[in-house]
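J.: Before we start, here is the structure in question, set down as structure tokens.
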Amino acid sequence: MKKLAVPESITLAGKRPVFAAECWLDDACILDMDYFVKTLSGIKAKGVRPDLIGSIIAHYASKWLPDLLTDDEKGLTIFEESPESATASWMKKRFFVETLVGILPPEKDSIPCNFLLRLLRTANMVGAEPTYRAELESRISWQLDQASLKELMIPSFCHTCATLLDVELVMRLVKRFVNMDDAAKSGAALIKVAKLIDSYLAEAAVDSNLTLQEFASLASALPSHARSTDDGLYRAIDTYLKAHPGVSKQDRKVLWRIIDSRKLSPEASFHAAHNERLPVRAVIQVLLSEQTKLTRQLDWSGSFSGTRSPNPGVLEHPSRCHSKREISAQQAEIRRLREEVRRLQGQCSAMQGQMERLLEKKKGLFRWKKLVMPSFKSTGVDAGSIGEKIQEREEGEGEAAFGQETPLDFKITKTKLVRGKTPPKWRNSLS
């Protein structure tokens with residue numbers, strides 16, 4: 001039997017190069033999965049590039065399994081309804097997915113990450129074996145920086161999971177990506193994954209069944225240096241607080257600890273400073289960090305204009321010179337932030353003073369009552385009526401008159417009580 005020679009690509013006039021897979025895979029002779037596997041093994045033995053083999057597998061799988069197509073490809077493809085029952089079609093899809101996972105080339109980047117995510121979604125939907133799903137998760141984590149948000153939003157097919165999206169799956173992918181060797185992942189890939197996860201958190205945060213622990217665990221899964229800016233993370237946390245208005249004050253503080261206020265842009269800082277859903281401590285941190293940033297910018301602009309720098313050896317040249325208008329705007333912003341901080345400090349001091357006055361008032365009332373009540377008992381005077389008079393006097397005089405009773409007044413009152421005391425009846429002496 002003559003062996004089949006498969007050209008790597010075919011170039012048509014005026015069109016892009018077309019892989020050979022797009023030409024001969026449409027033949028009905030490879031409807032049988034076993035024959036396709038044998039044919040693919042022969043292609044591998046010829047030393048064909050792994051990316052071409054991956055293209056053949058992706059094209060074949062997308063043609064005979066509609067769940068692996070994108071929305072654009074689904075609109076251009078017409079599928080005939082299968083006369084098979086739902087159970088038979090389900091089992092066929094499961095066998096198809098497990099076979100495809102078994103023949104994937106082991107080389108990295110041989111299969112597009114988005115195709116692997118669609119394959120994993122189908123595997124979860126048809127209930128493939130955990131071994132095959134773990135293999136797909138491992139391969140996706142290698143190239144997670146190439147994933148798109150749309151394909152990463154895999155719904156949860158587990159009945160025990162309360163959320164709409166499979167957050168636990170994304171958590172496993174991120175952890176595997178972070179635990180890879182530093183040589184396997186670059187700094188740019190880490191930054192891309194951080195942006196992807198921040199966008200994913202913003203979409204998943206609207207789910208009312210998403211717990212605080214799940215949200216915080218996924219947000220904290222990446223190291224702090226992965227995010228050059230925390231604007232995306234702040235947007236996700238703000239969305240979560242909007243969708244979950246019943247979050248306690250302590251839980252809001254837990255969420256805010258994930259954010260580094262120094263990494264917020266001026267726009268995000270301005271929004272956070274006026275955000276009523278954040279705790280007061282968070283607002284103060286944002287204001288102080290913005291004031292520090294503006295102070296450093298002014299110091300730098302002053303050193304650039306001729307002022308002596310404290311570290312002349314570590315002087316870094318700016319990208320451009322700030323104009324006088326920008327410097328004036330920065331100074332005005334610093335003044336505004338300082339006034340805001342003073343206002344908040346004044347409110348805190350006023351609240352603290354009110355608390356101290358209330359405590360002193362309660363202590364003073366307890367001390368005077370303790371001194372007066374025993375003398376009332378010894379004299380036989382009705383303590384309840386005198387207590388009511390004292391209370392009426394306090395209510396009439398108010399806070400300003402409280403505490404003005406001097407020891408002299410107390411002595412006069414005591415003298416009146418003693419004079420009103422009836423003399424004791426002495427018994428007749430026998431002597």
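J.: Give me the dipole magnitude in Debye, nearest 20, for the stretch 206-290 about the Cα centre, with unit charges on the beta carbon: positive for Lys and Arg, negative for Asp and Glu.
T.: Working: 11 positive and 10 negative charges, 50 e Å.
The calculated dipole for the stretch 206-290 is roughly 240 debye.
J.: Additional query: Any chance you could run the full-extension gain for ASP34 through ASP51? It's 0.36 nm times the residue separation minus the Cα-Cα distance, nm to one decimal.
T.: Numbers: separation 17, 0.36 × 17 = 6.12 nm, distance 2.16 nm.
Gain on stretching ASP34 to ASP51: 4.0 nm.
J.: For the pair ASP260/ARG342, report the inter-label distance in nm, with labels modelled 7 Å from Cα in the Cβ direction.
T.: The two pseudo-label positions are separated by 3.2 nm.
J.: Could you pull out every residue, at least 5 positions away or on a different chain, whose amide H is within less than 5 Å of the one on LEU165? Hs are placed 1.01 Å off N in the peptide plane, and Pro or chain starts have none.
T.: Under 5 Å from the amide H of LEU165 lie the amide H atoms of SER156, each far enough along the sequence or on another chain.
J.: So, one more: So, with a 1.4 angstrom probe, what is the percent of accessible area on the stretch 77-187 that is carbon and sulfur?
T.: Numbers: 3290 of 5960 Å².
Carbon and sulfur atoms account for 55 percent of the accessible area of the stretch 77-187.
J.: Kindly flag which residue pairs out of LYS93/LYS150; LYS185/LYS242; LYS46/LYS175 have an alpha-carbon separation exceeding 26 Å in this structure.
T.: Numbers: LYS93/LYS150 23 Å; LYS185/LYS242 35 Å; LYS46/LYS175 37 Å.
Violating the 26 Å limit, Cα to Cα: LYS185/LYS242; LYS46/LYS175.
J.: Now a separate question. Let me spell out the model: positive unit charges on the Cβ of Lys and Arg, negative unit charges on the Cβ of Asp and Glu, origin at the Cα centre of the stretch 111-199. What dipole size does that give, in debye rounded to 20? Display every interim value, and only then the final one.
T.: Working: 11 positive and 10 negative charges, 31 e Å.
Dipole size: approximately 160 debye.
J.: Leaving ligands, DNA and RNA out of it, work out the accessible area of HIS225 with a 1.4 Å probe and give it in Å² to the nearest 10.
T.: 140 Å²
The values are calculated or read from the model by the stated rules, or taken from the named source; none is laboratory data. Bear in mind the structure is a predicted one, so any value in this text is a computation, not a measurement. We place every Cβ from the backbone using ideal geometry, glycine too, and count neighbours over all the protein chains shown. Side chains are part of the model used for accessible areas, which takes the heavy atoms of the whole protein and leaves out ligands, DNA and RNA. Shrake-Rupley method; radii C 1.70, N 1.55, O 1.52, S 1.80 Å.
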